[in-house]
């Protein structure tokens, strides 16, 4: 996207010429994001991709209100991000950060109930509404059967489902996921992404998920946004965005475009053959 982003009352988030830099000594800043224009609608599912250090996690932190922009504008739900209190945002935005550990000493049901804190109406225990929300979150994340377990009794895939249930208990309108498939095998990656995609349809939640696997990103999300050097260099459908030229330029990987028997387009990574480069005989 280029140029100023037009704010729509229906938008969940709108960034216009957004920039952020971490402070350094002497009043200088290490610029991480610059000139980002992005609009996110209710129920939209976006995969955010880019090399390490391209600004993906920083952008999620800005969208969650944890960080404040150093330049440009960011509106959440029709209001400037600075106009929201932390508790107000927590009731509408849920974040599943990278590598989050479940605290010991609690059962899963109790951990998921902690997600209701932003909606607390009483200091004297949960309400019927809270209990219903927790049960719904466990069910939607396919974690109902895990409610009585403790974190040390969970597999990696089960932990991700519990973390997702904790986020869902907040009943957010925007769900921000930083590498939700980290350290999972392929089967569990697919299961977690399928759950997220289903929830997007069931609940109408807008989702932004940072992913490293481009094939998974293309299969999972109808919209892919690419960050490169802190700039949003592409934003659109996987077919339009994940081209041979862009992958070579942004990720430094040689790929070839193949067309299967079904007529579908596929991208294959070209792995260099060491036998063809400088190998000498015995």
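The values are calculated or read from the model by the stated rules, or taken from the named source; none is laboratory data. What you see is a predicted model, and the numbers here were worked out from it, not measured in a lab. Using ideal geometry, Cβ is built from the backbone for each residue, glycine included, and neighbour counts are taken over all protein chains shown.
For the reader, a short list of remarks on this structure follows.
- Evaluation of residue 65 against the conditions (1) within 30 Å of residue 246 (Cβ to Cβ); (2) modelled with pLDDT of 90 or more shows that the sole unmet condition is (1).
- Scanning segment 14-59 for residues that are at pLDDT below 90 and part of a loop (DSSP other than H, G, I, E, B), we see that the one that is farthest from residue 198 (Cα to Cα) is 28.
- Failed condition for residue 11, given (1) assigned to a loop (DSSP other than H, G, I, E, B); (2) buried (at least 16 other Cβ atoms within 10 Å of the Cβ); (3) touching a helix residue (DSSP H, G or I) at 6+ places or on another chain (Cβ under 8 Å): (3)
- Hey, residue 220 more than 18 Å from the chain's Cα centre (by Cα), at pLDDT 90 or above, surrounded by 13 or more Cβ atoms within 10 Å (Cβ to Cβ) and under 28 Å from residue 35 (Cα atoms) or not: no
- Verdict on residue 199 being farther than 16 Å from residue 217 by Cα, at pLDDT 90 or above and under 15 Å from the mean Cα position of the chain (by Cα): no
- Counted residues, segment 78-98 - those being more than 18 Å from the chain's Cα centre (by Cα) and touching a residue at least 40 places away in the same chain (Cβ under 8 Å): 1
- Search result, residues across segment 60-90 that are in a helix (DSSP H, G or I) and closer than 25 Å to residue 197 by Cβ: 60, 61, 62, 63, 64, 89, 90
- The listed residues are 267, 242, and the only one of them that is surrounded by 14 or more Cβ atoms within 10 Å (Cβ to Cβ), touching a helix residue (DSSP H, G or I) at 6+ places or on another chain (Cβ under 8 Å), over 21 Å from residue 40 (Cα atoms) and touching a residue at least 24 places away in the same chain (Cβ under 8 Å) turns out to be 267.
- Of residues in segment 127-145 being part of a helix (DSSP H, G or I) and buried (at least 23 other Cβ atoms within 10 Å of the Cβ), the one nearest to the chain's Cα centre (by Cα): 137
- Within segment 146-174, the set of residues being assigned to a loop (DSSP other than H, G, I, E, B) and touching a strand residue (DSSP E or B) at 6+ places or on another chain (Cβ under 6 Å) comprises 170, 172.
- Annotation note: Cβ proximity below 6 Å between a residue of segment 31-55 that is on the phi > 0 side of the Ramachandran plot and a residue that is part of a loop (DSSP other than H, G, I, E, B) and modelled with pLDDT of 95 or more (sequence gap 6+ or interchain) occurs for 55/230.
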